[in-house]
């Protein structure tokens, strides 16, 4: 396991923590964290939990995926090419980073309307 292969995933995780820390003082005491399909807020969290939820979740999932990296992915058996695994891990971290941004924007009152 070469940790350098997971640089992009690491960047997403670290950026999520940094952005949450920078915006934390500007967030209200309750921030929206769950929306219905119609874009109506259905769930709220205290700001400390809402600001840390996505970064901590991202850290836990990325560490788990890196530690549990498949030892051998067989290309000839129709499996995944080992070069793509870090891209998948980065994609998961990137998606959670996007969710973190969405939650923080909503907390700041800049929640875009859903279609």
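The values are calculated or read from the model by the stated rules, or taken from the named source; none is laboratory data. The shown structure was predicted, so the numbers you read here are calculated from the model rather than taken from an experiment. Positions of Cβ are generated from backbone atoms using ideal geometry, with glycine treated the same way; all protein chains shown enter the neighbour counts.
Scan the range 61-77 and tell me whether some residue there is under 13 Å from residue 12 (Cα atoms), in contact with a helix residue (DSSP H, G or I) (Cβ under 8 Å, 6 or more places away or on another chain) and either surrounded by fewer than 11 Cβ atoms within 10 Å (Cβ to Cβ) or modelled with pLDDT of 90 or more (or both). Yes, some residue in the range 61-77 is under 13 Å from residue 12 (Cα atoms), in contact with a helix residue (DSSP H, G or I) (Cβ under 8 Å, 6 or more places away or on another chain) and either surrounded by fewer than 11 Cβ atoms within 10 Å (Cβ to Cβ) or modelled with pLDDT of 90 or more (or both).
For the range 24-55, what are the residues that are assigned to a helix (DSSP H, G or I) and buried (at least 17 other Cβ atoms within 10 Å of the Cβ)?
Hits for the range 24-55 are 47, 50, 51, 52, 53, 54, 55.
Looking only at residues of the range 1-14 that are surrounded by 13 or more Cβ atoms within 10 Å (Cβ to Cβ) and farther than 14 Å from residue 101 by Cα, we find that the one that is modelled with the lowest pLDDT is 5.
Residue 17 meets the stated requirement of being touching a helix residue (DSSP H, G or I) at 6+ places or on another chain (Cβ under 9 Å), farther than 13 Å from residue 90 by Cα, part of a helix (DSSP H, G or I) and at pLDDT 95 or above.
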